[in-house]
Amino acid sequence: MAERPRLKGAWTARVITLFPEAFPGILGLSLTGKALDQGLWALDAIDLRPFGEGKHKNVDDTPAGGGAGMVLRADVVGRALEQAAIGTPSDRDRWPVVYLSPRGRPFTQAMAERFSRADGLTLICGRFEGLDERVLEEYEVEEVSLGDFVLSGGEIAAQALIDATVRLIPRVLGNQASTEEESFSEGLLEHPQYTRPAVWKGREIPDILLSGHHAKIATWRRAMAERLTKERRPDLWRAYRGCHDGDPDGDREL
Ligand code: SAH
């Protein structure tokens, strides 16, 4: 990967993967790419292969107890993690170590906010049937899932996680206010958005948005956000109602 400028203390993602050439991928484009080029955040893709065993640098083996597929070896991933840990804080709050995994806790905006407040993080991209369990225990690895579906590898999930996190770092997005108002930041889905032309295929923009009454617009947007959330995401709606009724039991993840 080409050397980029790096601001001292810039938030850094270290990604352990069998496919380092997949990075920065989409993260190298648009606002995240520009911020990466400016050194506002940094990315180190760490190739797992050189940590492999023997002449062929084997990284995987058959599952203990039998069954289909292959499992990434604990010793191989352990060596890569130890290399990735050099120069990083051992406190997991300051530097989380994450394994992208369908068994993990579902990734949320609240997690992205937590990760963006850390100094950086290390991500392990699985392949095949996943990782030897012992490596997760030994290095206090947190498992995070992108959703209830199975990908072929952790790379796409890692890029999604990094994208959601990096855009919360000050100055990465031009307009910081835009992250404060969007979906999930207050526990609601975002209201519908419109722009020019004022009439398109006979469809008009709701009058209120063209009225110039800022307070009325804000009320309309809030009502729409609440309606959409209630209709589409009863789970989010219950949590939102819980928080706003002073019920500390709202199931929002932090
Ligand atoms: N046998 C595993 C799936 C392995 S899929 C199981 O049933 O749980 C191969 C790799 O893809 C995983 O190790 C993980 O790193 C990644 N992966 C697959 N689905 C994912 C998801 N929903 N979220 C995050 N990572 C995922």
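Structural remarks
- Of residues in segment 101-142 being part of a loop (DSSP other than H, G, I, E, B) and within 12 Å of the ligand (Cβ to nearest atom), the one nearest to residue 75 (Cα to Cα): 132
Let's see how each residue does on (1) modelled with pLDDT of 95 or more; (2) outside the structural domain of residue 223 (by TED's automatic domain parsing):
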{"position": "106", "(1), (2)": "yes, yes"}
{"position": "111", "(1), (2)": "yes, yes"}
{"position": "120", "(1), (2)": "yes, yes"}
{"position": "129", "(1), (2)": "yes, yes"}
{"position": "149", "(1), (2)": "yes, yes"}
{"position": "172", "(1), (2)": "no, yes"}
{"position": "176", "(1), (2)": "no, yes"}
{"position": "189", "(1), (2)": "yes, no"}
{"position": "203", "(1), (2)": "yes, no"}
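- The condition of being in a helix (DSSP H, G or I), more than 16 Å from the ligand (Cβ to nearest atom) and either in the same structural domain as residue 101 (by TED's automatic domain parsing) or not β-branched (Val, Ile, Thr) (or both) holds for only one of 218, 160, that being 218.
- Residues of segment 143-157 that turn out to be assigned to a helix (DSSP H, G or I) and either surrounded by fewer than 16 Cβ atoms within 10 Å (Cβ to Cβ) or without any contact (Cβ under 8 Å) to a residue 40 or more places away in the chain (or both), as a count: 1
- Within segment 198-215, the set of residues being free of Cβ contacts under 8 Å to residues at least 12 places away in the same chain and surrounded by 10 or more Cβ atoms within 10 Å (Cβ to Cβ) comprises 200, 204, 205, 211, 213.
- Comparison of 94, 79, 6 shows that the only residue that is free of Cβ contacts under 8 Å to residues at least 40 places away in the same chain, in a loop (DSSP other than H, G, I, E, B) and surrounded by 14 or more Cβ atoms within 10 Å (Cβ to Cβ) is 6.
- Number of positions in segment 25-64 that are touching a residue at least 24 places away in the same chain (Cβ under 8 Å) and of a type outside the set (Phe, Trp, Tyr): 23
- The listed residue being on the phi > 0 side of the Ramachandran plot and near the ligand (Cβ under 9 Å from one of its atoms), out of 87, 69: 69
- Note on segment 176-197: residues that are part of a helix (DSSP H, G or I) and surrounded by 13 or more Cβ atoms within 10 Å (Cβ to Cβ) total 1.
The values are calculated or read from the model by the stated rules, or taken from the named source; none is laboratory data. Quick caveat, the model's predicted, so the values are computed rather than measured. Every residue, glycine among them, receives a Cβ derived from its backbone with ideal geometry; neighbour counts consider all protein chains shown.
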